[in-house]
Amino acid sequence: MNQFACEVRAGLNKPQKELPSKYLYDDLGSALFDAITVLPEYGLTRADSRLLHRLAPELPRDFSSVAEFGSGSGLKTRPVLSALSPQTYFPIDVSHAALERCRRELAGLSDIQPIQASYIDGLDCMNRRRDAQPILLLFLGSSIGNFDSPCRDIFLRQARARMKPGDAMLIGFDLEKQVEKMLDAYDDATGVTAAFNLNLLARINREIGGDFKLHAFAHQAIYNADERRIEMHLRSRIEQTVTIAAAEFGCHFREDETIWTESSHKFDADELPEIARANGYEPEAQWIDEEWPFAENLWRAA
Ligand SMILES: C[S@@+](CC[C@H](N)C(=O)[O-])C[C@H]1O[C@@H](n2cnc3c(N)ncnc32)[C@H](O)[C@@H]1O
């Protein structure tokens, strides 16, 4: 059984059914995410872009290379590469389509060496190719918010353990704002985010022989105030059973039962230096967008 089928089966066997969010990004999912970034409701990407244009000239100039976790299309990365002119840029992403677009968007700004892998595997691969000079790791767009806090700290420590003295991370965090504004960003009126979420079921049908009927599921975004996160779910509109051939698995759904597909945790700017120090980083600078509260942070390997 392949890894996708194994993880789908394990996730759908949990009491709260869930699917790993990295599987949202096949070719179609990556294209739908790019569409999300230009939705009027999704201010996050525009805020991050404004900050990156503002902070890029202020970044230290001692990095010979840049690597990026979950680069996506790389559109937002342009001002950073333009300012630093790194010898090599290593975009790390699970999505082949995203890496191809990234290579096209940033052509000419650096020697681009895409790595199709999950974050930490990609970092290991990059470390085998890098030179001894300091490197800047980018983790933009608040993708760090997809982890719950124990997994976030494990991820930050795993990355830190692979960094060398002088390396740094530029990391974005979406900040708490009015609940309605946060909900709209993950449940837009045109239904692009719904399509992005439902595509995960379509991907299971395409790649591992699922028979999900997409009309029998509805996109749902909720704000979990206790955990300070937006949760995306797929709600079964009816009682039904779905089979997934390659996972040798049949899955029963009660009416209104949900599959939890992604979390997006929200933060307070004041808690970020403590998160840095607790995981082995020294916070060096912070930039905040006031229009759509969002923070970019430069953390040095302590
Ligand atoms: C929310 S998008 C962000 C893209 C871009 N960094 C931005 O800020 O607009 C997340 C990106 O990370 C990739 N991704 C998600 N989970 C991943 C994982 N575990 N390892 C590597 N890439 C991942 C996805 O394919 C997607 O391109």
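The values are calculated or read from the model by the stated rules, or taken from the named source; none is laboratory data. A quick note: this is a predicted structure, and the numbers were derived from the prediction, not measured. We place every Cβ from the backbone using ideal geometry, glycine too, and count neighbours over all the protein chains shown. Note: areas computed on protein heavy atoms with side chains; ligands, DNA, RNA excluded. Shrake-Rupley method; radii C 1.70, N 1.55, O 1.52, S 1.80 Å.
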Revision key, fill the gap. Nearest 10, in degrees from 0 to 90: the angle of helix 192-208 to the longest Cα principal axis of the chain is 70 degrees
Exercise for review: Kindly express, to the nearest 10 degrees and within the range 0 to 90, the angle between helix 119-129's C-alpha long axis and the longest C-alpha principal axis of the chain.
Suggested key: 40 degrees
Check your understanding: What does the highest-first list of 139-149, 231-241 look like by mean Cβ count within 10 Å?
Key -> 139-149, 231-241
Exercise for review: For region 88-201, evaluate the Debye formula with one uniform point scatterer on each Cα (no solvent term) and list log10 I(q)/I(0) at q = 0.15, 0.18 Å⁻¹, rounded to two decimals.
Suggested key: -0.85, -1.12
Practice item. Provide, as a two-decimal number, the C-alpha radius of gyration of the chain over 2.2 N^0.38 Å, N being how many residues it has. Key: 1.00
Exercise for review: Starting from region 20-127, pick out the trypsin sites (Lys or Arg not before Pro) whose DSSP state is loop and whose Cβ has at most 10 other Cβ atoms within 10 Å.
Suggested key: R61
Revision key, fill the gap. Whole-number value, in Å³ per residue, for the convex hull of the alpha carbons of region 202-302 is 173 Å³
Practice item. Give the ranking of W292, W260 by solvent-accessible surface, highest area first, calculated with a 1.4 Å probe. Key: W260, W292
Exercise for review: Assuming 1.306 mPa s and 10 °C, estimate D for region 141-268 with Stokes-Einstein, Rh taken as the Kirkwood radius over Cα pairs, in µm²/s.
Suggested key: 95 µm²/s
Review point. Which of the lysines could a cross-linker span from K213 if the Cα-Cα distance has to be under 20 Å and same-chain partners fewer than 8 positions apart are dropped?
Key: K17
Practice item. For K14, list the aspartates and glutamates whose Cα falls under 18 Å from its own Cα; do not include residues on the same chain fewer than 8 positions away. Key: D148, E231, E239, E248, E255, D256, E257, E262
**Study point:** the chain: antiparallel DSSP beta bridges as a percent of all, rounded to 5
**Key:** 65 percent
Point to revise | Nearest 10 degrees, 0 to 90: helix 43-55 Cα axis against the chain principal axis | key: 10 degrees
**Study point:** Hydrodynamic radius (Kirkwood) for region 44-91, which is based on Cα pairs only, to one decimal in Å
**Key:** 11.1 Å
Revision key, fill the gap. Convex hull around the C-alpha positions of region 1-147: the volume in Å³ per residue is 122 Å³
